[in-house]
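**Student:** Below you'll find the structure I mean.
The values are calculated or read from the model by the stated rules, or taken from the named source; none is laboratory data. Since the model is a prediction, treat every value here as computed from it, not as a measurement. Every residue, glycine among them, receives a Cβ derived from its backbone with ideal geometry; neighbour counts consider all protein chains shown.
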Amino acid sequence: MVKILSLKFKITGNFLGLWGVWLPVVVILGHIPIAQAQEVITQPIVNIPPSDTSYTLGPGDLLQLDIFNVPEYSGNNGHHQVSIDGSVNLPLIGNISVQGMTVDQVTALIQQRYGEYLQRPILALKLIAARPLQVAVTGEVQRPGSYIVSPSAATTPNNPMIGTPEVSGTGGRLPTITRVLQMAGGITPSADMRQVKIRRSSGTGGEKIINLDLWELLQTGDLRQDITLRDGDTIYIPTNTEHNAAESSQLITANFASNNNQPINVAVVGAVNRPGTHTLTLETVPRIPSEPGQPIEGSVAATGGLFTVTKALKMAGGITPGADIRNIQVRRLTRTGTEQQITVDLWKLLQEGDLSQDAMLQQGDTIVVPTATTAESQQNAEVLAASFSPDTLKISLVGEVVSPGAKSLPPNTALNQALVEAGGFNESRANKKQVELIRIHPNGTVSRRQISINLSAQVNEETNPTLRNNDVIVVGRSGGAAFREGLGTVLNSLSPINNFLGLFRFVNIF
(Lines give C-alpha, C1' and ligand atoms only; values in the text may rest on other atoms or scores of the structure.)
Protein backbone atom coordinates (compact mmCIF):
# COMPACT_ATOMS: atom_id res chain seq x y z
CA MET A 1 0.00 0.00 0.00
CA VAL A 2 1.51 3.34 -1.09
CA LYS A 3 0.23 6.72 0.11
CA ILE A 4 1.05 10.11 -1.37
CA LEU A 5 0.76 13.09 0.95
CA SER A 6 0.98 16.72 -0.13
CA LEU A 7 2.59 19.08 2.35
CA LYS A 8 3.74 22.65 2.24
CA PHE A 9 6.56 24.43 4.02
CA LYS A 10 7.54 28.03 4.06
CA ILE A 11 11.05 29.34 3.42
CA THR A 12 11.54 32.02 6.03
CA GLY A 13 15.09 33.01 5.03
CA ASN A 14 16.59 34.71 2.01
CA PHE A 15 16.73 31.93 -0.58
CA LEU A 16 17.49 33.14 -4.14
CA GLY A 17 16.01 36.49 -3.20
CA LEU A 18 12.51 35.02 -2.47
CA TRP A 19 10.72 35.61 0.83
CA GLY A 20 7.81 33.67 2.28
CA VAL A 21 7.21 31.27 -0.62
CA TRP A 22 5.08 28.20 0.02
CA LEU A 23 6.41 25.12 -1.80
CA PRO A 24 4.65 21.75 -2.14
CA VAL A 25 6.41 18.63 -0.99
CA VAL A 26 5.39 15.14 -2.06
CA VAL A 27 6.08 12.39 0.44
CA ILE A 28 5.75 8.78 -0.72
CA LEU A 29 4.97 6.33 2.01
CA GLY A 30 4.96 2.63 1.43
CA HIS A 31 6.23 -0.67 2.49
CA ILE A 32 9.98 -0.48 2.99
CA PRO A 33 11.58 -3.90 3.36
CA ILE A 34 13.78 -4.27 6.40
CA ALA A 35 17.12 -5.87 5.71
CA GLN A 36 17.89 -8.97 7.65
CA ALA A 37 20.47 -8.72 10.38
CA GLN A 38 23.94 -9.45 9.11
CA GLU A 39 27.04 -10.61 10.88
CA VAL A 40 29.08 -7.72 12.22
CA ILE A 41 32.71 -7.89 11.13
CA THR A 42 35.12 -6.23 13.52
CA GLN A 43 37.71 -4.18 11.70
CA PRO A 44 41.18 -3.62 13.15
CA ILE A 45 41.52 -0.37 15.01
CA VAL A 46 43.68 2.09 13.10
CA ASN A 47 44.85 5.38 14.52
CA ILE A 48 43.03 7.91 12.34
CA PRO A 49 44.00 11.56 12.83
CA PRO A 50 41.27 14.20 12.83
CA SER A 51 40.06 15.15 9.35
CA ASP A 52 39.85 18.85 10.18
CA THR A 53 41.37 20.61 7.18
CA SER A 54 40.06 24.09 8.00
CA TYR A 55 42.67 26.78 7.54
CA THR A 56 42.71 29.74 9.88
CA LEU A 57 43.78 33.13 8.59
CA GLY A 58 46.68 35.16 9.89
CA PRO A 59 49.05 38.01 8.98
CA GLY A 60 50.43 37.62 5.46
CA ASP A 61 47.51 35.77 3.89
CA LEU A 62 46.32 37.26 0.59
CA LEU A 63 42.54 37.23 0.01
CA GLN A 64 40.41 37.93 -3.04
CA LEU A 65 36.90 39.29 -2.60
CA ASP A 66 34.35 39.27 -5.44
CA ILE A 67 30.97 40.98 -4.97
CA PHE A 68 28.22 40.32 -7.52
CA ASN A 69 27.41 43.36 -9.65
CA VAL A 70 30.02 45.47 -7.79
CA PRO A 71 33.09 45.34 -10.11
CA GLU A 72 34.83 48.24 -8.37
CA TYR A 73 35.21 46.02 -5.30
CA SER A 74 35.96 42.80 -7.18
CA GLY A 75 38.70 41.22 -9.31
CA ASN A 76 42.06 42.91 -8.95
CA ASN A 77 40.36 45.57 -6.85
CA GLY A 78 39.32 42.87 -4.43
CA HIS A 79 42.81 41.78 -3.37
CA HIS A 80 43.35 42.27 0.34
CA GLN A 81 46.25 41.12 2.50
CA VAL A 82 45.85 40.38 6.18
CA SER A 83 47.87 42.97 8.07
CA ILE A 84 50.22 42.36 10.96
CA ASP A 85 47.40 42.92 13.46
CA GLY A 86 45.29 40.19 11.82
CA SER A 87 42.78 42.49 10.11
CA VAL A 88 41.82 43.48 6.55
CA ASN A 89 40.63 46.88 5.36
CA LEU A 90 37.59 46.62 3.07
CA PRO A 91 35.73 49.36 1.18
CA LEU A 92 32.76 50.86 3.00
CA ILE A 93 32.98 48.64 6.06
CA GLY A 94 36.60 49.40 7.02
CA ASN A 95 38.79 47.15 9.19
CA ILE A 96 37.55 43.76 10.31
CA SER A 97 39.56 41.26 12.35
CA VAL A 98 40.06 37.89 10.66
CA GLN A 99 42.83 36.50 12.86
CA GLY A 100 42.19 32.83 13.67
CA MET A 101 39.04 32.63 11.53
CA THR A 102 38.38 30.32 8.59
CA VAL A 103 37.55 31.57 5.09
CA ASP A 104 33.91 30.50 5.53
CA GLN A 105 33.62 32.37 8.81
CA VAL A 106 35.09 35.54 7.32
CA THR A 107 32.77 35.21 4.30
CA ALA A 108 29.73 35.15 6.58
CA LEU A 109 31.05 38.12 8.55
CA ILE A 110 31.71 40.22 5.43
CA GLN A 111 28.30 39.35 3.99
CA GLN A 112 26.67 40.49 7.20
CA ARG A 113 28.59 43.78 7.25
CA TYR A 114 27.90 44.53 3.58
CA GLY A 115 24.20 43.79 4.21
CA GLU A 116 24.04 47.22 5.80
CA TYR A 117 24.92 48.82 2.44
CA LEU A 118 23.74 46.36 -0.22
CA GLN A 119 20.22 44.95 -0.57
CA ARG A 120 21.22 41.42 -1.45
CA PRO A 121 25.03 41.07 -1.17
CA ILE A 122 26.25 38.04 -3.07
CA LEU A 123 29.98 37.60 -2.63
CA ALA A 124 32.79 35.07 -2.83
CA LEU A 125 35.96 35.07 -0.78
CA LYS A 126 38.98 32.88 -1.37
CA LEU A 127 42.57 32.63 -0.24
CA ILE A 128 44.84 33.07 -3.25
CA ALA A 129 48.20 33.01 -1.43
CA ALA A 130 48.72 31.49 1.97
CA ARG A 131 51.28 32.96 4.32
CA PRO A 132 54.48 31.07 5.18
CA LEU A 133 54.00 28.75 8.12
CA GLN A 134 56.32 28.56 11.10
CA VAL A 135 56.57 25.08 12.58
CA ALA A 136 58.92 23.42 15.07
CA VAL A 137 60.42 19.94 14.78
CA THR A 138 61.89 18.12 17.79
CA GLY A 139 63.02 14.63 18.69
CA GLU A 140 64.63 12.04 16.42
CA VAL A 141 65.38 14.17 13.36
CA GLN A 142 68.74 15.16 11.96
CA ARG A 143 68.25 18.92 12.36
CA PRO A 144 65.66 19.78 15.02
CA GLY A 145 64.53 23.37 15.28
CA SER A 146 62.15 25.97 13.88
CA TYR A 147 61.32 26.11 10.16
CA ILE A 148 59.55 28.58 7.89
CA VAL A 149 57.59 26.61 5.29
CA SER A 150 56.12 28.23 2.21
CA PRO A 151 52.95 26.52 0.97
CA SER A 152 54.01 27.10 -2.64
CA ALA A 153 57.26 25.19 -2.02
CA ALA A 154 55.26 22.13 -1.17
CA THR A 155 54.13 21.47 -4.71
CA THR A 156 57.23 22.12 -6.83
CA PRO A 157 58.65 19.20 -8.87
CA ASN A 158 61.88 19.38 -6.89
CA ASN A 159 60.03 18.85 -3.62
CA PRO A 160 58.02 15.62 -3.99
CA MET A 161 55.81 14.71 -1.06
CA ILE A 162 53.72 11.80 0.07
CA GLY A 163 50.18 13.17 0.09
CA THR A 164 49.51 16.87 -0.09
CA PRO A 165 45.74 17.12 0.30
CA GLU A 166 44.15 20.34 -0.92
CA VAL A 167 42.58 22.31 1.88
CA SER A 168 39.29 24.04 1.23
CA GLY A 169 39.64 27.78 0.91
CA THR A 170 43.41 27.95 0.72
CA GLY A 171 43.71 28.26 -3.04
CA GLY A 172 46.37 25.55 -3.08
CA ARG A 173 48.10 22.93 -1.01
CA LEU A 174 49.61 23.19 2.44
CA PRO A 175 52.81 21.41 3.48
CA THR A 176 52.41 18.02 5.11
CA ILE A 177 54.32 16.50 7.99
CA THR A 178 56.49 14.37 5.69
CA ARG A 179 57.54 17.47 3.77
CA VAL A 180 58.66 19.22 6.94
CA LEU A 181 60.51 16.11 8.11
CA GLN A 182 62.44 16.26 4.84
CA MET A 183 63.33 19.87 5.56
CA ALA A 184 64.60 18.83 9.01
CA GLY A 185 67.05 16.39 7.42
CA GLY A 186 64.85 13.34 7.85
CA ILE A 187 64.20 11.05 10.78
CA THR A 188 67.00 9.11 12.45
CA PRO A 189 67.13 5.29 12.60
CA SER A 190 66.08 5.55 16.28
CA ALA A 191 62.74 7.22 15.50
CA ASP A 192 59.46 5.70 16.68
CA MET A 193 57.18 6.32 13.72
CA ARG A 194 54.13 4.83 15.45
CA GLN A 195 53.94 7.52 18.13
CA VAL A 196 54.43 10.79 16.25
CA LYS A 197 52.70 13.75 17.90
CA ILE A 198 51.67 17.21 16.69
CA ARG A 199 50.89 19.95 19.19
CA ARG A 200 48.48 22.48 17.72
CA SER A 201 46.81 25.58 19.11
CA SER A 202 43.09 25.06 19.59
CA GLY A 203 42.25 28.73 18.99
CA THR A 204 40.85 29.20 22.48
CA GLY A 205 44.17 29.64 24.23
CA GLY A 206 44.76 25.92 24.72
CA GLU A 207 46.31 23.25 22.55
CA LYS A 208 45.41 19.82 21.26
CA ILE A 209 47.57 16.78 20.62
CA ILE A 210 47.26 14.93 17.29
CA ASN A 211 48.63 11.38 17.28
CA LEU A 212 49.98 10.01 13.99
CA ASP A 213 51.20 6.59 12.88
CA LEU A 214 53.58 7.13 9.97
CA TRP A 215 54.30 3.40 9.93
CA GLU A 216 50.74 2.94 8.61
CA LEU A 217 51.56 5.43 5.88
CA LEU A 218 54.55 3.32 4.80
CA GLN A 219 52.86 -0.06 5.11
CA THR A 220 49.34 0.60 3.82
CA GLY A 221 49.63 3.97 2.09
CA ASP A 222 47.21 5.59 4.56
CA LEU A 223 47.49 9.22 3.46
CA ARG A 224 45.32 10.31 6.38
CA GLN A 225 48.43 9.97 8.52
CA ASP A 226 50.28 12.55 6.41
CA ILE A 227 48.20 15.50 7.57
CA THR A 228 48.66 19.09 6.53
CA LEU A 229 50.27 21.46 9.00
CA ARG A 230 49.12 24.75 10.47
CA ASP A 231 51.02 27.82 11.55
CA GLY A 232 52.54 27.25 15.00
CA ASP A 233 52.44 23.43 14.89
CA THR A 234 55.12 21.49 16.80
CA ILE A 235 56.13 18.05 15.53
CA TYR A 236 57.61 15.60 18.02
CA ILE A 237 59.32 12.38 16.87
CA PRO A 238 59.88 10.12 19.93
CA THR A 239 62.70 7.62 20.41
CA ASN A 240 62.00 3.96 19.75
CA THR A 241 62.92 2.17 22.98
CA GLU A 242 62.83 -1.29 21.37
CA HIS A 243 64.91 -1.58 18.22
CA ASN A 244 63.34 -3.65 15.45
CA ALA A 245 65.94 -4.56 12.83
CA ALA A 246 63.40 -5.55 10.17
CA GLU A 247 61.40 -2.33 10.53
CA SER A 248 64.53 -0.18 10.56
CA SER A 249 65.68 -1.62 7.24
CA GLN A 250 62.33 -0.61 5.70
CA LEU A 251 62.18 2.75 7.41
CA ILE A 252 65.46 3.98 5.93
CA THR A 253 64.02 3.73 2.41
CA ALA A 254 61.26 6.25 3.17
CA ASN A 255 61.54 9.63 1.47
CA PHE A 256 61.39 11.36 4.85
CA ALA A 257 64.26 9.32 6.32
CA SER A 258 67.64 10.93 6.91
CA ASN A 259 70.04 11.32 4.01
CA ASN A 260 72.71 8.73 4.77
CA ASN A 261 74.84 9.75 1.80
CA GLN A 262 76.50 12.34 4.01
CA PRO A 263 79.81 11.28 5.65
CA ILE A 264 79.52 10.04 9.22
CA ASN A 265 82.08 9.32 11.93
CA VAL A 266 81.79 6.08 13.89
CA ALA A 267 84.01 4.32 16.41
CA VAL A 268 84.87 0.63 16.03
CA VAL A 269 86.46 -1.12 19.00
CA GLY A 270 87.15 -4.68 20.07
CA ALA A 271 88.12 -7.60 17.87
CA VAL A 272 88.98 -5.71 14.68
CA ASN A 273 92.31 -5.15 12.99
CA ARG A 274 92.22 -1.33 13.07
CA PRO A 275 90.17 -0.18 16.07
CA GLY A 276 89.43 3.51 16.40
CA THR A 277 87.40 6.26 14.74
CA HIS A 278 86.57 5.87 11.07
CA THR A 279 84.84 8.13 8.56
CA LEU A 280 82.34 6.48 6.23
CA THR A 281 81.79 8.21 2.88
CA LEU A 282 80.42 7.19 -0.49
CA GLU A 283 83.99 7.10 -1.77
CA THR A 284 85.27 4.78 0.95
CA VAL A 285 82.13 2.62 1.03
CA PRO A 286 81.15 1.47 -2.49
CA ARG A 287 77.51 0.89 -3.36
CA ILE A 288 78.18 -2.57 -4.78
CA PRO A 289 80.81 -5.22 -4.03
CA SER A 290 84.02 -4.74 -5.99
CA GLU A 291 83.91 -8.37 -7.01
CA PRO A 292 80.50 -9.87 -7.85
CA GLY A 293 81.62 -13.29 -6.69
CA GLN A 294 82.23 -12.17 -3.14
CA PRO A 295 79.61 -12.52 -0.40
CA ILE A 296 77.23 -9.58 -0.05
CA GLU A 297 79.01 -6.60 1.45
CA GLY A 298 76.47 -5.19 3.84
CA SER A 299 72.84 -4.99 2.92
CA VAL A 300 73.52 -3.41 -0.45
CA ALA A 301 70.26 -4.63 -1.97
CA ALA A 302 68.20 -3.37 0.96
CA THR A 303 70.00 -0.13 1.76
CA GLY A 304 71.18 1.00 -1.65
CA GLY A 305 74.75 1.48 -0.51
CA LEU A 306 74.04 3.17 2.83
CA PHE A 307 76.32 2.95 5.84
CA THR A 308 75.90 -0.30 7.76
CA VAL A 309 77.76 -2.30 10.40
CA THR A 310 79.53 -4.57 7.92
CA LYS A 311 80.86 -1.61 5.99
CA ALA A 312 82.21 -0.03 9.15
CA LEU A 313 83.92 -3.32 10.04
CA LYS A 314 85.43 -3.34 6.56
CA MET A 315 86.80 0.15 7.13
CA ALA A 316 88.30 -1.05 10.42
CA GLY A 317 90.36 -3.67 8.60
CA GLY A 318 87.92 -6.50 9.18
CA ILE A 319 87.32 -8.63 12.23
CA THR A 320 89.97 -10.76 13.89
CA PRO A 321 89.67 -14.58 13.94
CA GLY A 322 88.51 -14.49 17.56
CA ALA A 323 85.61 -12.08 17.00
CA ASP A 324 82.18 -13.00 18.34
CA ILE A 325 79.97 -11.93 15.43
CA ARG A 326 76.81 -13.15 17.18
CA ASN A 327 76.89 -10.45 19.84
CA ILE A 328 78.12 -7.26 18.20
CA GLN A 329 76.79 -4.16 19.95
CA VAL A 330 75.94 -0.80 18.40
CA ARG A 331 75.82 1.92 21.05
CA ARG A 332 73.90 5.05 20.11
CA LEU A 333 73.19 8.27 21.96
CA THR A 334 69.56 9.31 21.39
CA ARG A 335 68.14 12.84 21.34
CA THR A 336 66.89 12.35 24.88
CA GLY A 337 70.45 11.81 26.11
CA THR A 338 70.02 8.11 26.84
CA GLU A 339 72.15 5.36 25.30
CA GLN A 340 70.48 2.86 23.02
CA GLN A 341 72.11 -0.55 22.55
CA ILE A 342 71.40 -2.57 19.41
CA THR A 343 72.50 -6.21 19.23
CA VAL A 344 73.69 -7.35 15.80
CA ASP A 345 74.00 -11.04 14.89
CA LEU A 346 76.09 -11.24 11.73
CA TRP A 347 76.04 -15.04 11.95
CA LYS A 348 72.36 -14.84 10.93
CA LEU A 349 73.38 -12.64 8.03
CA LEU A 350 75.84 -15.31 6.85
CA GLN A 351 73.68 -18.35 7.50
CA GLU A 352 70.14 -17.11 6.79
CA GLY A 353 70.73 -14.06 4.61
CA ASP A 354 68.98 -11.89 7.20
CA LEU A 355 69.89 -8.44 5.86
CA SER A 356 68.09 -6.74 8.74
CA GLN A 357 71.02 -7.76 10.96
CA ASP A 358 73.26 -5.38 9.02
CA ALA A 359 72.07 -2.42 11.08
CA MET A 360 72.08 1.09 9.70
CA LEU A 361 74.54 3.46 11.34
CA GLN A 362 74.25 7.13 12.16
CA GLN A 363 76.64 9.86 13.21
CA GLY A 364 78.44 9.12 16.48
CA ASP A 365 77.64 5.39 16.73
CA THR A 366 80.09 3.07 18.50
CA ILE A 367 80.46 -0.53 17.33
CA VAL A 368 81.77 -3.01 19.90
CA VAL A 369 82.99 -6.38 18.58
CA PRO A 370 83.53 -8.80 21.51
CA THR A 371 85.94 -11.73 21.57
CA ALA A 372 84.38 -15.17 21.33
CA THR A 373 84.98 -17.56 24.23
CA THR A 374 84.47 -20.63 22.04
CA ALA A 375 84.80 -21.15 18.33
CA GLU A 376 83.79 -23.81 15.85
CA SER A 377 86.07 -24.55 12.93
CA GLN A 378 83.18 -24.49 10.48
CA GLN A 379 82.04 -21.13 11.76
CA ASN A 380 85.58 -19.74 11.58
CA ALA A 381 85.93 -20.77 7.94
CA GLU A 382 82.66 -19.07 6.96
CA VAL A 383 83.45 -15.94 8.93
CA LEU A 384 86.88 -15.64 7.31
CA ALA A 385 85.22 -15.69 3.88
CA ALA A 386 82.72 -12.96 4.82
CA SER A 387 83.02 -9.48 3.37
CA PHE A 388 83.53 -7.92 6.80
CA SER A 389 86.65 -10.06 7.36
CA PRO A 390 90.06 -8.95 6.00
CA ASP A 391 90.46 -9.32 2.24
CA THR A 392 93.81 -11.07 2.68
CA LEU A 393 95.72 -13.03 5.29
CA LYS A 394 99.24 -12.02 6.23
CA ILE A 395 101.26 -15.21 6.61
CA SER A 396 105.01 -15.46 7.22
CA LEU A 397 107.09 -18.41 5.99
CA VAL A 398 110.62 -18.78 7.34
CA GLY A 399 113.24 -21.43 6.92
CA GLU A 400 113.82 -23.84 4.08
CA VAL A 401 111.40 -22.71 1.37
CA VAL A 402 112.27 -21.32 -2.03
CA SER A 403 110.77 -17.87 -1.36
CA PRO A 404 110.61 -17.16 2.39
CA GLY A 405 109.05 -14.01 3.85
CA ALA A 406 105.65 -12.40 4.37
CA LYS A 407 102.85 -13.43 2.02
CA SER A 408 99.39 -11.95 1.38
CA LEU A 409 97.03 -14.84 0.80
CA PRO A 410 93.25 -15.16 0.29
CA PRO A 411 91.04 -15.97 3.30
CA ASN A 412 90.74 -19.64 4.21
CA THR A 413 94.10 -20.51 2.66
CA ALA A 414 95.31 -23.89 3.90
CA LEU A 415 98.84 -24.81 4.98
CA ASN A 416 99.70 -26.77 1.82
CA GLN A 417 98.61 -23.87 -0.39
CA ALA A 418 100.83 -21.47 1.57
CA LEU A 419 103.82 -23.73 0.98
CA VAL A 420 103.06 -23.71 -2.74
CA GLU A 421 102.83 -19.90 -2.73
CA ALA A 422 106.33 -19.81 -1.19
CA GLY A 423 107.70 -21.87 -4.07
CA GLY A 424 107.69 -25.15 -2.19
CA PHE A 425 110.42 -26.76 -0.13
CA ASN A 426 114.10 -26.22 -0.69
CA GLU A 427 114.77 -29.67 -2.10
CA SER A 428 118.30 -30.03 -0.79
CA ARG A 429 117.82 -28.57 2.68
CA ALA A 430 114.17 -28.69 3.86
CA ASN A 431 112.61 -31.10 6.30
CA LYS A 432 109.69 -32.20 4.14
CA LYS A 433 108.09 -34.35 6.78
CA GLN A 434 107.19 -31.78 9.41
CA VAL A 435 106.76 -28.02 9.86
CA GLU A 436 106.04 -25.83 12.87
CA LEU A 437 102.95 -23.58 12.98
CA ILE A 438 103.19 -20.58 15.33
CA ARG A 439 99.89 -18.80 16.03
CA ILE A 440 99.23 -15.59 17.96
CA HIS A 441 95.79 -15.72 19.62
CA PRO A 442 93.51 -12.70 20.24
CA ASN A 443 94.19 -12.86 23.99
CA GLY A 444 97.91 -12.38 23.36
CA THR A 445 99.03 -15.95 23.95
CA VAL A 446 101.22 -17.83 21.46
CA SER A 447 100.84 -21.49 20.54
CA ARG A 448 103.40 -23.70 18.75
CA ARG A 449 102.38 -26.84 16.96
CA GLN A 450 104.25 -29.51 14.97
CA ILE A 451 102.34 -30.60 11.85
CA SER A 452 103.12 -33.65 9.77
CA ILE A 453 103.09 -32.77 6.09
CA ASN A 454 100.84 -34.53 3.61
CA LEU A 455 100.75 -32.53 0.38
CA SER A 456 97.89 -34.60 -1.04
CA ALA A 457 95.61 -34.14 1.98
CA GLN A 458 92.36 -32.17 1.88
CA VAL A 459 91.81 -29.30 4.32
CA ASN A 460 91.79 -30.67 7.86
CA GLU A 461 93.04 -29.59 11.24
CA GLU A 462 95.60 -32.41 11.62
CA THR A 463 97.77 -32.26 8.49
CA ASN A 464 96.46 -29.31 6.41
CA PRO A 465 94.79 -26.73 8.68
CA THR A 466 93.23 -23.46 7.57
CA LEU A 467 95.56 -20.57 8.31
CA ARG A 468 94.69 -17.43 10.24
CA ASN A 469 95.96 -13.91 10.03
CA ASN A 470 99.57 -13.45 11.27
CA ASP A 471 100.33 -17.20 11.36
CA VAL A 472 104.01 -18.12 11.05
CA ILE A 473 105.15 -21.33 9.29
CA VAL A 474 108.66 -22.53 10.14
CA VAL A 475 110.24 -25.05 7.75
CA GLY A 476 113.25 -26.68 9.42
CA ARG A 477 116.30 -28.25 7.87
CA SER A 478 116.72 -31.90 7.21
CA GLY A 479 119.26 -33.87 9.27
CA GLY A 480 121.77 -34.07 6.42
CA ALA A 481 121.55 -30.36 5.70
CA ALA A 482 122.11 -29.54 9.34
CA PHE A 483 125.21 -31.76 9.42
CA ARG A 484 126.67 -30.22 6.29
CA GLU A 485 126.06 -26.70 7.50
CA GLY A 486 127.69 -27.45 10.83
CA LEU A 487 130.65 -29.00 9.10
CA GLY A 488 131.09 -26.01 6.82
CA THR A 489 131.02 -23.63 9.75
CA VAL A 490 133.81 -25.54 11.48
CA LEU A 491 135.96 -25.74 8.36
CA ASN A 492 135.61 -22.03 7.70
CA SER A 493 136.96 -21.35 11.17
CA LEU A 494 140.22 -23.22 10.41
CA SER A 495 143.24 -21.66 8.71
CA PRO A 496 144.12 -22.98 5.22
CA ILE A 497 147.27 -24.66 6.56
CA ASN A 498 145.45 -26.57 9.26
CA ASN A 499 142.33 -27.42 7.25
CA PHE A 500 143.39 -30.98 6.64
CA LEU A 501 144.44 -31.68 10.24
CA GLY A 502 141.46 -29.78 11.59
CA LEU A 503 139.11 -31.96 9.60
CA PHE A 504 140.58 -35.15 11.02
CA ARG A 505 140.50 -33.75 14.55
CA PHE A 506 136.85 -32.84 14.05
CA VAL A 507 135.98 -36.41 13.20
CA ASN A 508 138.18 -37.69 16.05
CA ILE A 509 140.70 -39.42 13.75
CA PHE A 510 143.59 -37.74 15.58
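**Student:** Given the residues Asp104, Asp61, which is the only one that is at negative phi and loosely packed, with under 14 Cβ neighbours inside 10 Å? Steps first, please.
**Tutor:** Working: Asp61 fails: loosely packed, with under 14 Cβ neighbours inside 10 Å.
Every option except Asp104 fails the conditions.
**Student:** Just checking, how many residues over region 332-385 are closer than 30 Å to Gly186 by Cβ, at pLDDT below 85 and small (Gly, Ala, Ser)?
**Tutor:** 3
**Student:** Here is a follow-up. Is one or more of the residues making up region 131-151 modelled with pLDDT under 85 and either over 22 Å from Glu216 (Cα atoms) or surrounded by 14 or more Cβ atoms within 10 Å (Cβ to Cβ) (or both)?
**Tutor:** Within region 131-151, the first condition is being modelled with pLDDT under 85, and the residues that meet it are 150-151.
Next, from what is left, pick out any that are either over 22 Å from Glu216 (Cα atoms) or surrounded by 14 or more Cβ atoms within 10 Å (Cβ to Cβ) (or both): 150-151.
Within region 131-151, one or more residues are modelled with pLDDT under 85 and either over 22 Å from Glu216 (Cα atoms) or surrounded by 14 or more Cβ atoms within 10 Å (Cβ to Cβ) (or both).
**Student:** Does Leu313 count as hydrophobic (A, V, I, L, M, F, W, C), surrounded by 23 or more Cβ atoms within 10 Å (Cβ to Cβ) and modelled with pLDDT of 80 or more?
**Tutor:** On the way: hydrophobic (A, V, I, L, M, F, W, C): yes; surrounded by 23 or more Cβ atoms within 10 Å (Cβ to Cβ): yes; modelled with pLDDT of 80 or more: yes.
When the stated conditions are applied, Leu313 passes them.
**Student:** While we're on this one: From the list Ile325, Ile367, exactly one residue is crowded, with 17+ Cβ neighbours inside 10 Å, under 21 Å from the mean Cα position of the chain (by Cα) and not assigned by TED's automatic domain parsing to the domain that holds Leu455. Which is it? Full working, then the answer.
**Tutor:** Values: Ile325 fails: under 21 Å from the mean Cα position of the chain (by Cα).
Every option except Ile367 fails the conditions.
**Student:** Being small (Gly, Ala, Ser) and either in contact with a strand residue (DSSP E or B) (Cβ under 9 Å, 6 or more places away or on another chain) or over 30 Å from Tyr236 (Cα atoms) (or both) is the filter here; which residues of region 317-366 pass it?
**Tutor:** Gly317, Gly318, Gly322, Ala323, Gly353, Ala359, Gly364
**Student:** Considering every residue within region 281-303, establish whether at least one is surrounded by 17 or more Cβ atoms within 10 Å (Cβ to Cβ), at pLDDT 85 or above and out of contact with any Phe, Trp or Tyr (no Cβ under 7 Å at 6 or more places or on another chain).
**Tutor:** The answer is no, given that none of the residues of region 281-303 is surrounded by 17 or more Cβ atoms within 10 Å (Cβ to Cβ), at pLDDT 85 or above and out of contact with any Phe, Trp or Tyr (no Cβ under 7 Å at 6 or more places or on another chain).
**Student:** May I pose another question? Check Ala271 against each of (1) farther than 18 Å from Gln142 by Cβ; (2) under 15 Å from the mean Cα position of the chain (by Cα); (3) at pLDDT 85 or above and name the one condition it does not meet.
**Tutor:** Every listed condition holds for Ala271 apart from (2).
**Student:** Being over 27 Å from Asn261 (Cα atoms), surrounded by 23 or more Cβ atoms within 10 Å (Cβ to Cβ) and in contact (Cβ under 8 Å) with a residue 12 or more places away in the chain narrows it down to one residue among Leu174, Leu214; which is it?
**Tutor:** Answer to the selection: Leu174.
**Student:** Can I ask one more? Given the criteria surrounded by 15 or more Cβ atoms within 10 Å (Cβ to Cβ), outside the structural domain of Val180 (by TED's automatic domain parsing), modelled with pLDDT of 90 or more and in a helix (DSSP H, G or I), does Leu125 qualify?
**Tutor:** no
**Student:** A follow-up question, please. Out of the residues in region 328-359 that are within 19 Å of Ser249 (Cα to Cα) and of a type in the set (S, T, N, Q), which is farthest from the chain's Cα centre (by Cα)?
**Tutor:** If we take residues in region 328-359 being within 19 Å of Ser249 (Cα to Cα) and of a type in the set (S, T, N, Q), then Gln351 is farthest from the chain's Cα centre (by Cα).
**Student:** Next up: When you scan region 57-122 for strands (runs of 3 or more DSSP E) that lie fully inside it, which ones turn up with 3 or more residues that are touching a helix residue (DSSP H, G or I) at 6+ places or on another chain (Cβ under 8 Å) and touching a residue at least 12 places away in the same chain (Cβ under 8 Å)?
**Tutor:** Here the list reads 62-67.
**Student:** Counting only residues that are part of a loop (DSSP other than H, G, I, E, B), charged (D, E, K, R) and surrounded by 15 or more Cβ atoms within 10 Å (Cβ to Cβ), how many does region 420-476 have? Even if it seems obvious, please write down each step before you answer.
**Tutor:** Quick first cut of region 420-476, residues part of a loop (DSSP other than H, G, I, E, B) only: 422-424, 426-429, 431-433, 441-445, 453-459, 461-463, 465, 467-471, 476.
Filter once more, so that each one left must be charged (D, E, K, R): 427, 429, 432-433, 461-462, 468, 471.
Checking the rest, the ones that are also surrounded by 15 or more Cβ atoms within 10 Å (Cβ to Cβ) come to 429, 432, 468, 471.
Of the residues in that region, 4 qualify.
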